[in-house]
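Visitor: Here's a structure for you.
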Amino acid sequence: MAVLQAQGLYKSYGQVKALDDVNIEIEDSELLAVIGPSGSGKTTLLRSIAGFVQLDSGKIFIKSKDITDLPPEKRNVAMFFQNYALWPHMTVFENVAYGLKIRRYDKKAIREKVEWALDFLDIKSLAERKPNQLSGGQQQRVALARAIVVQPDVLLLDEPLSNLDAKIRMRIRFELKALQKKLQIATLYVTHDQEEALSIADRIAVMHNGKVLQIGTPQQVYKEPVNLFVADFIGVNSIVRIKPLDKDIVKVGNLEFQPQQGVLHLVIRAEEARVLPAKEHVTLKEGDLKLEGIIMGKLYLGSKHRYEIKIHGIEEILFINSEEAFKINEQIQIIIPKDSFFVYWQ
């Protein structure tokens with residue numbers, strides 16, 4: 001059963017369409033991650049569901065109840081604000097307890113729930129501090145604790161882990177996912193971090209210019225992108241663009257493509273490509289792509305190098321990470337498995 005349904009949402013600011021016929025559903029205990037570039041409509045969608053943005057048209061339902069015109073406090077949703085929105089005069093404990101007090105929980109229940117939330121996010125020792133005594137990452141964890149402690153019908157998270165350091169962020173991903181499933185909270189999770197979305201989401205919605213371009217499992221969105229934008233946006237990619245010079249065939253590396261209208265865009269999953277010495281023998285599987293080129297530049301990334309590669313016969317420069325060590329001006333070959341590149345004409 002869908003806990004949250006957003007149907008035909010439109011919102012414009014002058015000539016800018018922040019939401020353009022957006023339709024989403026979130027099932028009971030499901031986590032839907034919304035990703036897209038800045039200005040794609042992610043936060044507007046989140047704030048519309050929370051009740052902070054008045055829609056031009058469309059309907060929002062929570063558990064089949066039309067909440068489109070209800071004020072935020074009547075929607076039984078909890079939102080994590082990107083700017084934290086903590087009360088400066090309250091302690092951490094009081095900030096987290098605030099929503100429970102509004103909902104008229106008794107003192108014992110408030111203390112138990114708040115202590116559980118603080119312990120879960122590893123901030124129990126901060127309970128008596130004020131927000132101005134906390135670091136940015138600590139403030140963010142307090143805001144997250146305040147959102148989850150009320151056990152809402154829908155949890156709205158806007159970049160909840162962005163200010164945490166890498167180790168804590170990785171741990172909280174696992175714990176947040178486990179908590180969300182345990183409490184069976186339908187969750188809308190906005191993030192710029194694709195790895196975060198792929199690892200934590202049950203489904204992913206990709207937005208661009210106010211539209212939802214694709215909704216699917218992380219595997220579907222990554223392996224079966226519906227268009228050039230989604231293919232390029234998800235993952236670490238390089239793009240080869242070729243304008244056909246004749247009507248018979250377009251050759252890229254060892255593969256040939258039938259010309260269609262427009263320019264050929266070949267999106268290569270750079271993280272799945274292999275860079276090998278030019279003379280190394282490679283047995284290709286059917287559909288694999290082989291490109292030959294020369295190393296133009298490199299950056300040391302610790303466990304890998306990031307190479308700037310000029311492909312023979314192609315104008316674009318490709319950027320590929322590899323554990324192999326190559327020298328500048330060395331001739332190389334790139335092997336891309338057939339499921340690791342996508343072809344679009346436009």
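The values are calculated or read from the model by the stated rules, or taken from the named source; none is laboratory data. These figures come from a predicted structure and were not determined experimentally. Note that we place each Cβ from the backbone using ideal geometry, even for glycine, and neighbour counts take in every protein chain shown.
Visitor: If a residue must be of a type in the set (V, I, T), under 30 Å from D119 (Cβ atoms) and either in contact with a Lys or Arg (Cβ under 9 Å, 6 or more places away or on another chain) or part of a loop (DSSP other than H, G, I, E, B) (or both), how many such residues does region 176-220 contain?
Guide: The total comes to 4.
Visitor: In the list D232, D288, D248, which residue meets the criterion of being crowded, with 18+ Cβ neighbours inside 10 Å and charged (D, E, K, R)?
Guide: D288
Visitor: Please determine whether any residue of region 296-304 is under 18 Å from L228 (Cα atoms) and either among the acidic types (D, E) or under 32 Å from the mean Cα position of the chain (by Cα) (or both).
Guide: No, region 296-304 contains no residue that is under 18 Å from L228 (Cα atoms) and either among the acidic types (D, E) or under 32 Å from the mean Cα position of the chain (by Cα) (or both).
Visitor: Still on this structure, please answer the following. Is it true that some residue in region 188-209 is modelled with pLDDT of 90 or more, out of contact with any helix residue (DSSP H, G or I) (no Cβ under 8 Å at 6 or more places or on another chain) and more than 25 Å from G235 (Cα to Cα)?
Guide: The answer is no; no qualifying residue exists.
Visitor: Only one of these is among the hydrophobic types (A, V, I, L, M, F, W, C), within 30 Å of N23 (Cα to Cα) and either more than 28 Å from the chain's Cα centre (by Cα) or at pLDDT 95 or above (or both): I62, I102, I110, I148. Name it.
Guide: I62
Visitor: On to the next question. Pairs please, first residue from region 327-346 and touching a residue at least 60 places away in the same chain (Cβ under 8 Å), second anywhere and assigned to a loop (DSSP other than H, G, I, E, B) and among the basic types (K, R), Cβ atoms under 6 Å, 6+ apart in sequence or on different chains.
Guide: Partner pairs satisfying both residue conditions: none exist.
Visitor: What single numbered condition from (1) out of contact with any Lys or Arg (no Cβ under 7 Å at 6 or more places or on another chain); (2) within 22 Å of E175 (Cα to Cα) fails to hold for A109?
Guide: (2)
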